[in-house]
Each structure stands twice: as C-alpha cells, then as structure tokens.
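The values are calculated or read from the model by the stated rules, or taken from the named source; none is laboratory data. Model, not experiment: these values are computed from the prediction. FYI the Cβ positions are ideal-geometry reconstructions off the backbone, even for glycines, and counts take in every protein chain you see.
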C-alpha cells in the first residue's frame, strides 16, 4: 500500500464531478470498483487504533518532497495533481492531523481567467469573488456562495481537499 492507493483514496474522497472522475479513471486505467476497493483499504488502514496520522505518514513516507518545523509539516507529490502537493500538518504528539490539504507546488503558477475545477485552489478561487459566504465546512469539503463582480451573478463553489471541484451559477 502506497502512493497509488492513497491517490485513489484522495480522488474518491474529494468527490469530483462525475465527468471529471470518469475522465481521470480512464486516464489512469482504473475502474470505479478498483478505486472504491482501494479507498476502503486505505480507510481501514488509517483508522486503526494507532491513529490516522501515523498510518498515513507510514504509507506516504517514500514520496515526501518537503519537511519543516521538525517534521510537523510534510508535503507529498501525486501524479494526478502535478501542480499541487498534499500538505499535512501533524499534531506535535503525532497521533492526528492539524491540517491536510493541497497547496500549489513550487514552480507551479496560479491560473488566470475564470476559475475551473481542478485548476484552482480555494484561496486562489475565492480571491476572484466578492461577498463570499461559507455554506458548508465539513472537511475535506467546503462550499461557498460567492458573487462574481465581473458579471454580477452568484455562484456555488465546492472544494475537496482545498481543490476546486465544482462551480455552478446559482
């Protein structure tokens, strides 16, 4: 169990739009069933009594790209998200996460133009709007009602692990 399986877990738990999920699964030659099976394996592994943070760190140890604050913050790289890295902030005791989300990888430039799924991170997308209203914060999901100052319309934005998953006119 390693990066490939954890990547499928992240993919499944970020709940991308069906057309995005179908496209990605075709690209990586994986079925929906395989993704769901690997997600269940990861879930059972990281929810063992030893604590999810410790088990996650064990699973991802070989793909760490960055470490700071004495090992309390680590970043991991996944092929599905070449412009991002998964940043994990561990509690000092090491038993649980303080924060787990995607951040822009070094050298990766933020996009320009209209926010679209899988190309924008939460802070980048929300900066494009006004009158931002948080609707749901149920990590790893967050939803917002925002006003686009360019067209005067309100939009619904949904993020999974800090990556924009959905944008719909309200």
- Message: Can you go through 28, 46, 24 and tell me which one is under 19 Å from residue 102 (Cβ atoms) and touching a helix residue (DSSP H, G or I) at 6+ places or on another chain (Cβ under 6 Å)?
- Response: 46
- Query: Inside region 115-132, can you point out the residues that are more than 14 Å from residue 167 (Cα to Cα) and touching a strand residue (DSSP E or B) at 6+ places or on another chain (Cβ under 7 Å)?
  - Reply: 130, 131
- Note on the structure: residue 154 fails exactly one of (1) modelled with pLDDT under 95; (2) over 20 Å from residue 83 (Cα atoms); (3) over 16 Å from the mean Cα position of the chain (by Cα), namely (1)
- Message: Quick check on my filter: what residues within region 57-81 are assigned to a helix (DSSP H, G or I) and modelled with pLDDT of 75 or more?
- Response: 57, 58, 59, 60, 61
- Within the bounds of region 162-170, is there any residue that is outside the structural domain of residue 55 (by TED's automatic domain parsing) and within 23 Å of residue 53 (Cα to Cα)? yes
- Note on the structure: In region 90-116, residues that are over 14 Å from residue 72 (Cα atoms), in contact (Cβ under 8 Å) with a residue 40 or more places away in the chain and touching a helix residue (DSSP H, G or I) at 6+ places or on another chain (Cβ under 6 Å) total 1
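Which helices (runs of 4 or more DSSP H) does region 1-56 wholly contain that include 3 or more residues that are more than 28 Å from residue 167 (Cβ to Cβ)?
Filter on region 1-56 gives 3-14, 32-46.
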- Out of curiosity, is residue 84 at pLDDT 95 or above and either out of contact with any helix residue (DSSP H, G or I) (no Cβ under 9 Å at 6 or more places or on another chain) or surrounded by 14 or more Cβ atoms within 10 Å (Cβ to Cβ) (or both)? yes
- Which fully enclosed strands (runs of 3 or more DSSP E) of region 93-161 have 1 or more residues being in the same structural domain as residue 80 (by TED's automatic domain parsing) and surrounded by fewer than 16 Cβ atoms within 10 Å (Cβ to Cβ)? 97-104
- Query: Counting only residues that are closer than 21 Å to residue 84 by Cα and in contact (Cβ under 8 Å) with a residue 40 or more places away in the chain, which one in region 43-64 is surrounded by the most Cβ atoms within 10 Å (Cβ to Cβ)?
  - Reply: 56
